[in-house]
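Report on the structure given below.
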Amino acid sequence: MELAQFFARHPRVALAFSGGCDSAYLLYAAKKHAAQVCAYYVKTAFQPAFELEDAKRLAQQLQAPMKVLELDVLGDGRVAANPKDRCYHCKRAMFARLKQEAERDGLRVLIDGTNASDDAADRPGMVALRELEVLSPLRLCGITKDRVRALSKEAGLFTWDKPAYACLATRIPTGTPIQQQTLSQVEAAEEALRRLGFSDLRVRVGEQAAKLQLKADQMAKAVELRERILEELSPYFDQVLLDLEAR
């Protein structure tokens with residue numbers, strides 16, 4: 001099946017929009033092929049500010065309607081406790097909220113940007129998507145991540161080479177309760193590193209220490225900028241470590 005065929009069957013859709021590469025291309029395709037699409041961004045404590053800004057920028061570029069929905073995920077004890085199935089509970093809450101809003105707007109088909117490269121066995125949140133009957137057009141049409149990037153570049157979308165970004169909650173070890181302060185520290189630290197020229201990075205936390213996970217080609221730069229990194233991250237963490245296993 002082609003995306004054009006999917007949208008011919010489902011001409012009015014609500015899109016779970018993250019501002020990432022996959023959902024960005026799906027919004028482009030929906031604008032091209034569907035009769036009506038609205039993008040819904042669910043804002044939680046787990047998304048950094050730049051994700052929302054990217055989402056707004058892309059929606060504006062495509063002249064697509066976009067709604068921002070607020071959700072207090074840390075108010076759900078099953079999420080805040082950070083168990084192994086945290087992602088399931090978080091996705092369930094986010095998509096239930098999104099589905100409720102979309103149905104209120106008269107859009108009963110909910111889609112997301114899961115692609116054919118995503119491993120369902122490694123993504124517990126996908127169970128929640130199935131339970132809520134969320135459709136994944138990219139996956140249904142056999143479109144892989146590499147293909148999404150190629151198509152996005154061809155379409156002129158600035159998100160074509162945007163690195164995949166896991167939510168801030170993934171920086172905290174499973175079983176360690178998630179607190180807003182910790183999430184804010186991680187976001188600030190990662191933003192500081194981006195200002196220093198690093199990209200596609202993670203700052204993982206534990207015992208007031210930050211463990212930096214960088215691409216192999218950025219390791220030497222981290223050593224070169226060691227003192228600057230320590231200075232930038234000292235307001236947030238007592239200790240800064242470099243993970244020598246590259247991302």
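A short reminder: the numbers here are calculations on the coordinates, not readings from a lab. What you see is a predicted model, and the numbers here were worked out from it, not measured in a lab. Cβ coordinates were reconstructed from backbone atoms using ideal geometry, including for glycine residues, and neighbour counts include every protein chain displayed.
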Fill in the blank from the handout: Put in order of increasing Cβ neighbours within 10 Å, starting from the fewest, VAL223, VAL42, VAL148, VAL134 give VAL223, VAL134, VAL42, VAL148
Problem - Normalised contact order of the stretch 33-144, rounded percent, pairs of Cα under 8 Å and 6 or more residues apart - result: 22
Problem - Under 5 Å, built H, 5+ apart or other chain: amide partners of VAL240 - result: ALA210
Handout entry: Rg(Cα)/(2.2 N^0.38 Å) for the stretch 184-224, N = residue count
Key = 1.12
Fill in the blank from the handout: Subtracting the Cα-Cα distance of THR174 and LEU242 from 0.36 nm times their residue separation yields 22.4 nm
Handout entry: Estimated [θ] at 222 nm from DSSP helical runs (n ≥ 4, -39500 (n - 2.57)) normalised by residues in the chain, nearest 500
Key = -13000 deg cm²/dmol
Completion exercise
Close lysine pairs (the stretch 1-107; alpha-carbon distance under 14 Å; 8 or more apart or on separate chains) counted at 6
Fill in the blank from the handout: From fewest to most C-beta neighbours within 10 Å, the residues TYR25, TYR88 line up as TYR88, TYR25
Exercise for the section: Pop the C-beta distance of ALA155 and ALA116 into the FRET formula with R0 = 22 Å and round what comes out to the nearest 0.05. Expected result: 0.75
Problem - Simple Cβ-charge dipole of the stretch 179-242, Lys/Arg +1 and Asp/Glu -1, about Cα centre, in debye nearest 20 - result: 180
Fill in the blank from the handout: Length gained, LYS84-GLN181, 0.36 nm per residue minus C-alpha separation, equals 32.8 nm
Exercise for the section: Please report the relative contact order for the stretch 110-210, taking Cα pairs under 8 Å with a sequence separation of at least 6, and give it as a percent rounded to a whole number. Expected result: 21
Exercise for the section: Place the peptides 28-34, 155-161 in order of packing, highest mean first, counting for every residue the other Cβ atoms within 10 Å and averaging per peptide. Expected result: 28-34, 155-161
Problem - GluC sites (Glu not before Pro), loop per DSSP, at most 15 other Cβ atoms within 10 Å - longest free stretch of the chain - result: 3-132
Handout entry: Distance cut-off 24 Å, percentage of C-alpha pairs in the chain lying past it
Key = 50
Problem - Low-density loop cleavage sites - trypsin sites (Lys or Arg not before Pro) in the stretch 49-144, where at most 16 other Cβ are within 10 Å (DSSP) - result: LYS84, ARG108
Practice task
Quick one: compute the contact order of the chain, relative version, from alpha carbon pairs under 8 angstrom and 6+ residues apart, as a percent.
Solution key: 18
Exercise for the section: Take the chain, connect every pair of alpha-carbon atoms lying under 10 Å apart with a spring to form a Gaussian network, then pick out the residue of CYS21, CYS141, CYS87 with the largest mean-square fluctuation. Expected result: CYS141
